[in-house]
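Okay, structure first, notes after.
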């Protein structure tokens, strides 16, 4: 492949406003796949009752969906690194919207499972191909900041799914799925007006030659795969997802933990679902601090090429004790049993200041999530830093595949752990013990980030040399 003069036909626009719109669209739509994922766990009980199956089979749906989405993302990303990315994103969005709609109308567990897997296939395109596009829309100096919004949008999506599922689905679990289907179809329209960014356009080494009319015509081939895995930083960034996501994957059970605590205090199942969803949403607000994790990564990266990996390593290791405290601090729940969702939400919010145990739990959760949120933006930015433009979508998807395996394992096995622990620890204590045990996976995650901090300087320098050499061929 070569860099050739003469840009291909471009879409309309391309100014600062159009680029900002495009970044906003991709960031917001990246959250939707996590909305879809977060929608199911708060509704495990009602869905299981409708289909007359154990709740652990609904946990299996989430776990398998993680895995299917991650596997599909590899194929989507590889094609995206070779072809026009916008049509792939639109097709993927339509597929997951159809699967979500099918989930809403399913009348039996096998049909619900099949519909969720169809949605998972489409979801694979949103993250992997969208990531490749966004890295071309932003400069390396601001990757941590923008990627913090990218990661934050996914965290917010999970929270939104948890909250919408618990509130809108408390009376009828099918309604949230119908709403998300409509949103997905609207997202497809939003894609039509995004800017068709050229690969490599944000790279300083290529900026002048691309502005002069050159086209970055390098595309990934199968021969590149050994080189991708040959970069040591790529190996650590990919492998850390196995342990990190085992811990993160277990956290989708947070609504269940707090719902079980509500039941243990005598509340009805319907009220407990709302309580669990609201508490889980509140306790994950620390994720908004991923912006500071991204800024810290950008700042330290400008001082040393190992900066981003160091920030991520410190964040995940320092968060561990706060998670352990969160799961075991007892909280006193005081809400109107059988009241409307609004009344229950208001009571939970009031308890943050009126009930010391709730306030302490919230503070602990915010600190834990704030520290682990440093992982996400710096992982995204490091993938872009140590890989040339035509490899980024594929590397992201390979990492996402391992993430999916880890998250599926965390989500699925923790459910088995809860069941096994029940004999020794009655609910809700079995949920607390199980969740605490799975957070120990953050220890090897931090070690792998430390190893990445040692290899990333050489890999970043190698990418700079490759891009400079390609630019000079003109």
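The values are calculated or read from the model by the stated rules, or taken from the named source; none is laboratory data. Remember, predicted model here, so these are calculated numbers, not experimental data. So basically every Cβ, Gly included, is an ideal-geometry build from the backbone, and we count neighbours across all protein chains shown.
A compact table of results
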quantity	calculated
Total residues in the range 73-84, condition modelled with pLDDT under 85 and under 20 Å from the mean Cα position of the chain (by Cα)	1
The range 408-431: number of residues that are free of Cβ contacts under 8 Å to residues at least 12 places away in the same chain, under 29 Å from the mean Cα position of the chain (by Cα) and closer than 20 Å to residue 325 by Cα	1
Residue list for the range 172-189, restricted to those being farther than 26 Å from residue 46 by Cβ and crowded, with 17+ Cβ neighbours inside 10 Å	187
Test: residue in the range 379-397 that is under 30 Å from residue 269 (Cα atoms) and in contact (Cβ under 8 Å) with a residue 40 or more places away in the chain	no
Flag if residue 45 is part of a helix (DSSP H, G or I), modelled with pLDDT of 80 or more and closer than 24 Å to residue 269 by Cβ	yes
The range 299-318 - residue that is surrounded by 24 or more Cβ atoms within 10 Å (Cβ to Cβ) and under 20 Å from the mean Cα position of the chain (by Cα) and, of those, nearest to residue 146 (Cα to Cα)	308
Boolean, residue 474 is at pLDDT below 90, surrounded by fewer than 24 Cβ atoms within 10 Å (Cβ to Cβ), closer than 24 Å to residue 147 by Cβ and touching a helix residue (DSSP H, G or I) at 6+ places or on another chain (Cβ under 6 Å)	no
Selection within the range 204-238 - in a loop (DSSP other than H, G, I, E, B), closer than 19 Å to residue 80 by Cα and touching a helix residue (DSSP H, G or I) at 6+ places or on another chain (Cβ under 8 Å)	216, 218, 219, 220
Any hit, the range 150-173, residues being closer than 21 Å to residue 38 by Cβ, at pLDDT below 80 and not in a helix (DSSP H, G or I)	yes
Filter result for residue 167 (surrounded by fewer than 17 Cβ atoms within 10 Å (Cβ to Cβ) and touching a residue at least 12 places away in the same chain (Cβ under 8 Å))	no
Checklist (1) more than 18 Å from residue 286 (Cα to Cα); (2) modelled with pLDDT of 80 or more; (3) in a helix (DSSP H, G or I) applied to residue 127, failing item	(2)
Test: residue in the range 299-316 that is at pLDDT below 85 and farther than 26 Å from residue 417 by Cβ	no
Unique residue being in contact (Cβ under 8 Å) with a residue 12 or more places away in the chain and under 15 Å from the mean Cα position of the chain (by Cα) when the list is 130, 144	130
Residue count, the range 16-41 (criterion: under 11 Å from the mean Cα position of the chain (by Cα) and farther than 18 Å from residue 102 by Cα)	2
Residues satisfying the stated conditions in the range 219-234, i.e. surrounded by fewer than 20 Cβ atoms within 10 Å (Cβ to Cβ) and farther than 14 Å from residue 384 by Cα	219, 221, 222, 223, 224, 225, 226, 227, 229, 230, 232
Residue that is modelled with pLDDT under 80, under 20 Å from residue 118 (Cβ atoms), in contact with a helix residue (DSSP H, G or I) (Cβ under 9 Å, 6 or more places away or on another chain) and part of a helix (DSSP H, G or I), where the choices are 70, 30	30
Number of the exception - residue 204 against (1) in contact (Cβ under 8 Å) with a residue 60 or more places away in the chain; (2) closer than 27 Å to residue 154 by Cβ	(2)
